[in-house]
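The values are calculated or read from the model by the stated rules, or taken from the named source; none is laboratory data. Worth saying up front: this structure is predicted, and the values here are computed from it rather than measured. Don't worry about glycine lacking a Cβ; one is built from the backbone with ideal geometry, like all the others, and counts go over all protein chains shown. Surface accessibility is based on the protein's heavy atoms, side chains included, excluding ligands, DNA and RNA. Shrake-Rupley method; radii C 1.70, N 1.55, O 1.52, S 1.80 Å.
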Amino acid sequence: QVQLVESGGGLVQAGGSLRLSCAASGRTFSTYTVGWFRQAPGKEREFVSAISWSDSSTEYADSVKGRFTISRDNAKNTVYLQMNSLKPEDTAVYYCAADNSEAVTAQNMDVMIPNESTYWGQGTLVTVSS
């Protein structure tokens, strides 16, 4: 069983930056596709970004493209989400998800998740003030 712990959330002014971390306890992340999702109050959960295990290819939602950067450090079993130029609409609980199914890639994680093989973290709150 893989346990995921998100951290790095907090309060930030519009235009500021935060870096979120998703750390895995137990099994290595090296063969997992890892993604970030977020959910604002009263809204559906939405895909933010993902990174593959095979070649570290990445994917971003249009709403964050050019502002957010996803990366991974397999030696530390950690995936990061660098968030720059934050906007009030970025306010949400951010969740880390991991899946080692061969069918899940960074490019299709937005529609393939969730499934029975997906692991989730508990979430970290990001609040962007105007």
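Look at the stretch 103-130: where a residue is under 19 Å from Ser54 (Cβ atoms) and a partner is acidic (Asp, Glu) and crowded, with 16+ Cβ neighbours inside 10 Å, sitting 6+ places away or on another chain with Cβ atoms under 6 Å, you get Ala106/Glu59; Gln107/Glu59; Ser117/Asp99; Thr118/Asp99. Look at (1) modelled with pLDDT under 95; (2) closer than 20 Å to Tyr119 by Cβ; (3) open to solvent by 60 Å² or more (accessible area, probe 1.4 Å) and you find that Gln39 fails only one, number (1). Scanning the stretch 105-126 for any residue that is outside any loop (DSSP other than H, G, I, E, B), over 12 Å from the mean Cα position of the chain (by Cα), at pLDDT 95 or above and not charged (D, E, K, R) turns up at least one such residue. Taken as a whole, the condition of being in a strand (DSSP E or B), open to solvent by less than 20 Å² (accessible area, probe 1.4 Å), closer than 18 Å to Thr118 by Cβ and of a type outside the set (D, E, K, R) applies to Val79. For the stretch 44-53, the candidate set comprises residues that are in contact (Cβ under 8 Å) with a residue 12 or more places away in the chain and assigned to a loop (DSSP other than H, G, I, E, B); within that set, the residue that is most open to solvent (accessible area, probe 1.4 Å) is Trp53.
The listed residues are Ser57, Ser30, Ser117, and the only one of them that is in contact with an Asp or Glu (Cβ under 8 Å, 6 or more places away or on another chain), more than 20 Å from Gly10 (Cα to Cα) and small (Gly, Ala, Ser) turns out to be Ser117. For the stretch 1-34, a tally of residues being open to solvent by 60 Å² or more (accessible area, probe 1.4 Å) and in a strand (DSSP E or B) returns 5.
Let's see how each residue does on (1) closer than 25 Å to Gln3 by Cβ; (2) among the hydroxyl-bearing types (Ser, Thr, Tyr):
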position	(1), (2)
Gly42	no, no
Ser49	yes, yes
Arg67	no, no
Ala103	yes, no
Gly121	yes, no
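Considered as a group, the residues in the stretch 54-82 that are touching a residue at least 12 places away in the same chain (Cβ under 8 Å) and charged (D, E, K, R) include one that is farthest from Ser17 (Cα to Cα), and that residue is Lys76.
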